[in-house]
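K.L.:
Dropping a structure here in structure tokens format, bear with me for questions.
Please treat every number below as a calculation from the coordinates, not as lab data. Being a predicted model, the structure only gives us computed values, none of them experimental. Virtual Cβ from ideal backbone geometry, glycine too; neighbours counted across all protein chains shown.
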Amino acid sequence: MSLSKPCEVKIWTSSHGTDYHYFPSSLFIAFSQNTHPRKNELIQLPLVNALPGRQTTDKFVADFTQDFANISPDARRINIIMMGDNDVRNCDYIGACRVERNVGQLIELHKDSRHGLIVCGLLPSPATWRHTHSLFQRVSNRLYKQVNTANINSHGRKIAFLKTIQIFLDEKGFINGAKFFERDLIHLNSTGALQLACHLIDSTVSIVESFEQ
């Protein structure tokens, strides 16, 4: 993926990505503070498409696909799918299967294109972790496998998987709700939003650089 100008970056997410939950401002800080020598050559400051309560429904796939079709012919895009656990928290097993199926469609959409895709593991909610953790792990593991399968052939080498849960863990391996989450233990606080934004920018720069190789 040889770059003549920096890639557009668009993040597709749920309420975690809204102004109300600190993410756009945190993203600006993380982008400004990133010290990778080729950052400005590789990526632009990401745009955020965030919708509170968003689930990985057929409508989400349709909106994503329409936006994908409207990318400027002279642009290169890195799409990032960074969903919370709304599907799993609200729809249990049916929601888990829907994430796997519909994100799989978006992986297929990118396989023969000039555009890149980063699929993030689900963002956790400590409030419901006891109920959702097994499906949460299943979904993240299966998304990882789908990305790996796509990368077996040459058309899939601009697709990557990014783990996220580990940046919110304490030294004992538990989700640190008090440090990174609001009182509802679902949404990130300002510390958590900055933690996520820095992880995302650092990782995206490295991933896009690897796409060139």
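K.L.:
Grab the DSSP H runs of the chain that are 4 residues or longer, score each as -39,500 (n - 2.57), total them, divide by all residues and round the 222 nm result to the nearest 500 deg cm²/dmol.
P.N.:
-15500 deg cm²/dmol
K.L.:
Between K172 and N141, what length in nm is gained on full extension when 0.36 nm per residue of separation is reduced by their alpha carbon distance?
P.N.:
Between K172 and N141, full extension yields 9.0 nm more.
K.L.:
In addition: Report the FRET efficiency, 1/(1 + (r/R0)^6), for E108 and I29, where r is their Cβ-Cβ distance and R0 is 30 Å, rounded to 0.05.
P.N.:
With R0 = 30 Å, the Cβ-Cβ based efficiency is 0.30.
K.L.:
Collect residues whose amide H, placed 1.01 Å from N in the peptide plane, falls under 5 Å from the amide H of V9; neighbours closer than 5 in sequence don't count.
P.N.:
Long-range HN contacts for V9: Q44, L47, I78.
K.L.:
Can you compute 3J(HN,Hα) from phi for each residue in region 53-66, using the Karplus curve 6.51 cos²θ - 1.76 cosθ + 1.60 with θ = phi - 60°, rounded to whole Hz and x for Gly and Pro?
P.N.:
For region 53-66, the Karplus curve yields x, 4, 10, 8, 8, 4, 5, 4, 4, 5, 5, 4, 5, 5 Hz.
K.L.:
Please give the length that would be gained between A75 and L185 if that part of the chain were fully extended, namely 0.36 nm times their separation in residues minus their C-alpha to C-alpha distance (nm, one decimal).
P.N.:
Working it through step by step, the gained length comes to 35.7 nm.
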